[in-house]
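The values are calculated or read from the model by the stated rules, or taken from the named source; none is laboratory data. For clarity, every value in this text was computed on a predicted model and none was experimentally measured. Note that each Cβ is placed from the backbone with ideal geometry, even for glycine, and that neighbours are counted across all protein chains shown. Side chains included, ligands, DNA and RNA excluded: accessible areas come from the protein's heavy atoms. Shrake-Rupley method; radii C 1.70, N 1.55, O 1.52, S 1.80 Å.
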Amino acid sequence: HLSKKQHQYEHLQHLHDTYTALVKLVLCIGCLFTFLGTNYTSVLLHVLAGSKWSSSSSSLSSSYQNTASSSLSAFCVYISTLAFNGTTEAFVYGVVDKPKDVGTLGIIHGCVGVLFAITVPIAVKMYGTIGLILGNGICMIIRGTFAVYLAACFFREHTTI
């Protein structure tokens with residue numbers, strides 16, 4: 001018969017394994033979406049919006065076609081970072097049990113927000129719509145990475161027998 005502490009350890013080990021598997025799954029699906037989706041955005045535009053958005057022979061300027069296709073490609077990458085961030089932060093918000101950790105999350109989100117507010121106008125001037133998407137993606141990666149760090153701290157702290 002398992003002691004209460006040993007049962008808790010096994011429960012946390014199962015939680016760790018599940019969390020790790022979910023993050024890996026999200027990253028694999030994100031990579032698949034990123035590597036395949038970005039290459040077929042012009043086809044998707046052609047199917048959904050017609051040839052005027054995807055064909056160089058249309059009356060729509062070529063720069064708009066390139067912008068739409070490039071923006072949609074960048075959005076494929078952004079969706080992957082959003083899924084990573086959402087998965088990792090959802091776990092951390094579910095297990096955070098100390099007010100100090102909640103405060104730390106708030107501070108990190110505030111710092112990332114300031115970083116976004118400073119860098120995105122510059123990125124938009126340089127890259128247009130893609131700069132906005134890029135700025136959002138970088139912020140999601142930073143937040144997701146910090147959430148992974150907090151999850152690692154949680155498991156390290158709670159799985160010692």
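Does the stretch 4-22 contain at least one residue that is within 21 Å of MET140 (Cα to Cα), of a type in the set (D, E, K, R), modelled with pLDDT of 85 or more and not in a loop (DSSP other than H, G, I, E, B)?
Among the residues of the stretch 4-22, not one is within 21 Å of MET140 (Cα to Cα), of a type in the set (D, E, K, R), modelled with pLDDT of 85 or more and not in a loop (DSSP other than H, G, I, E, B), which makes the answer no.
I want to confirm something. Restricting to the stretch 95-112 and keeping residues that are surrounded by 12 or more Cβ atoms within 10 Å (Cβ to Cβ) and free of Cβ contacts under 8 Å to residues at least 40 places away in the same chain, which single residue is farthest from the chain's Cα centre (by Cα)?
Looking at the filtered set, the residue picked out is VAL102.
Here are some conditions: (1) farther than 24 Å from HIS16 by Cβ; (2) out of contact with any Gly (no Cβ under 9 Å at 6 or more places or on another chain). LYS98 meets all but one. Which one does it not meet?
(1)
Please find, among SER63, SER71, SER80, the residue that is assigned to a helix (DSSP H, G or I), modelled with pLDDT under 90 and under 30 Å from LEU22 (Cβ atoms).
SER71
Suppose we filter the stretch 16-31 for residues that are free of Cβ contacts under 8 Å to residues at least 24 places away in the same chain and open to solvent by less than 100 Å² (accessible area, probe 1.4 Å); how many remain?
The total comes to 6.
Give the residues of the stretch 65-90 that are open to solvent by 50 Å² or more (accessible area, probe 1.4 Å) and β-branched (Val, Ile, Thr), sorted by residue number.
Selection gives THR67, VAL77, ILE79.
If you go through the stretch 34-48, how many residues are in contact (Cβ under 8 Å) with a residue 12 or more places away in the chain and hydrophobic (A, V, I, L, M, F, W, C)?
2
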